[in-house]
1. List the number of the failed condition for residue 336; all other conditions in (1) closer than 17 Å to residue 393 by Cβ; (2) surrounded by fewer than 18 Cβ atoms within 10 Å (Cβ to Cβ) hold.
2. Would you be able to tell me the number of residues in the stretch 362-381 that are at negative phi, in contact (Cβ under 8 Å) with a residue 24 or more places away in the chain and either open to solvent by 40 Å² or more (accessible area, probe 1.4 Å) or not aromatic (Phe, Trp, Tyr) (or both)?
3. Which of (1) open to solvent by 30 Å² or more (accessible area, probe 1.4 Å); (2) under 23 Å from residue 241 (Cβ atoms); (3) not basic (Lys, Arg) is the odd one out, the single condition residue 359 does not satisfy?
4. Just give me the residues in the stretch 123-142 being open to solvent by 10 Å² or more (accessible area, probe 1.4 Å) and under 13 Å from residue 107 (Cβ atoms), in sequence order.
5. Only residues in the stretch 293-320 that are outside the structural domain of residue 279 (by the TED database) and surrounded by fewer than 17 Cβ atoms within 10 Å (Cβ to Cβ) count as the first member; pair them with residues that are of a type in the set (S, T, N, Q) and part of a loop (DSSP other than H, G, I, E, B), Cβ under 6 angstrom, at least 6 apart or cross-chain, and list the lot.
6. State whether the residues of the stretch 332-347 include one that is farther than 19 Å from residue 302 by Cβ, modelled with pLDDT under 90 and of a type in the set (Val, Ile, Thr).
7. So which of 188, 170 is in contact (Cβ under 8 Å) with a residue 40 or more places away in the chain and open to solvent by 30 Å² or more (accessible area, probe 1.4 Å)?
Amino acid sequence: LPEELVRSAEDVSTVPSLPDNQFSHPDKLKRMSKSVPAFLQDESDDRETDTASESSYQLRRYKKSPSSLTNLSSSSGMTSLSSASGSVMSVYSGDFGNLEVKGSVQFALDYVESLKELHVFVAQCKDLAAADVKKQRSDPYVKTYLLPDKGKMGKKKTLVVKKTLNPVYNEILRYKIERQFLKTQKLNLSVWHRDTFKRNSFLGEVELDLETWDWDSKQNKQLKWYPLKRKTAPVALETENRGEMKLALQYVPEPSPGKKLPTTGEVHIWVKECLDLPLLRGSHLNSFVKCTILPDTSRKSRQKTRAVGKTTNPVFNHTMVYDGFRPEDLMEACVELTVWDHYKLTNQFLGGLRIGFGTGKSYGTEVDWMDSTSEEVALWEKMVNSPNTWVEATLPLRMLLIAKLSK
């Protein structure tokens with residue numbers, strides 16, 4: 001590693017990555033690209049570096065709380081817990097799009113001039129999808145956003161009504177906003193099932209464009225039933241502000257000159273800091289960043305920073321180096337950076353980035369992790385086009401479906 005690199009970063013970790021056969025196995029790619037919702041990696045990822053006691057740890061954990069496991073399987077359709085091999089518990093439980101969307105919600109809008117407030121009166125829902133299929137019930141609540149306001153201010157929620165598909169709320173969700181600004185807003189109202197693990201499943205949404213809404217019409221102030229729709233785009237998750245990551249990348253095409261053999265290059269990833277991370281549990285936060293170069297999901301390709309506690313703006317200054325990159329691999333690979341909150345025995349997912357060309361394919365196979373946003377693609381392009389130079393960006397963290405861990 002060049003000396004200045006070591007000086008500029010507190011921690012440097014390097015890992016031999018990407019053996020050639022890693023990439024060129026279409027079957028492996030197909031298997032690997034099956035995503036599971038991010039939060040399901042809580043348990044698995046926690047113990048990456050602690051392989052010795054993995055299987056016993058897992059059994060212990062579930063012996064202690066058998067109820068949690070049954071809850072999980074009832075809402076998920078598929079639960080496999082393989083303890084003997086020490087492989088992770090893999091669950092496919094719905095966050096988005098796993099439960100069918102059905103039923104309708106009854107609400108009314110009113111602008112109260114004297115208070116300068118928009119009131120969303122959420123009355124009730126009927127015939128919702130059942131998150132608990134056996135008992136035919138959900139624990140639903142309603143969440144509203146004024147879009148495009150992506151901050152915490154824009155989000156309002158009703159209370160959770162337990163064990164029903166026909167919840168009655170009769171709650172008013174209030175927004176302090178001048179009437180003229182409403183013209184630029186959309187109201188997004190979504191229904192969610194809240195389960196014991198505080199992992200929520202989407203049950204449907206309604207979106208109203210307020211640009212053309214007639215606030216003086218008496219009829220518009222009446223309660224009205226709206227059919228719930230499937231998610232058009234992952235607005236509700238995207239709009240929850242997940243903070244940002246400041247990072248720099250560098251591609252070093254031939255790190256060891258003078259060798260006769262054709263060498264492969266290195267990708268250097270300098271995770272500088274995160275900004276405005278979300279607080280999922282009160283005022284506590286103990287965050288770290290993990291890096292994987294897809295399509296290699298093996299444990300040895302995983303690198304992580306140390307955890308930084310007590311701040312929503314953690315400074316990591318950690319450089320990760322991956323070698324084995326031929327120029328053509330840069331087209332097919334993708335850097336997945338994920339931010340986690342480490343608490344007691346679990347890690348909770350806060351948000352992530354996928355930096356690559358975002359083509360939807362890797363080595364000719366369609367994969368769902370090649371989904372970089374335009375900003376993420378721009379950073380990767382810049383890195384590829386300016387070898388031996390650090391390129392920096394501050395990118396918004398987003399919800400990811402994370403590829404399964406392979407051994």
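1. Unmet condition: (2).
2. Qualifying residue count, the stretch 362-381: 10.
3. (2)
4. Listed by number, the residues that qualify are 124, 126.
5. Every condition considered, no pair remains.
6. No, the stretch 332-347 contains no residue that is farther than 19 Å from residue 302 by Cβ, modelled with pLDDT under 90 and of a type in the set (Val, Ile, Thr).
7. Exactly one residue qualifies, and that residue is 170.
The values are calculated or read from the model by the stated rules, or taken from the named source; none is laboratory data. Given the structure is predicted, the values throughout are model-derived calculations rather than measurements. Reconstructed Cβ throughout: ideal geometry from the backbone, glycine too, with neighbour counts over all protein chains shown. The accessibility values were calculated without ligands, DNA or RNA, using every heavy atom of the protein model including side chains. Shrake-Rupley method; radii C 1.70, N 1.55, O 1.52, S 1.80 Å.
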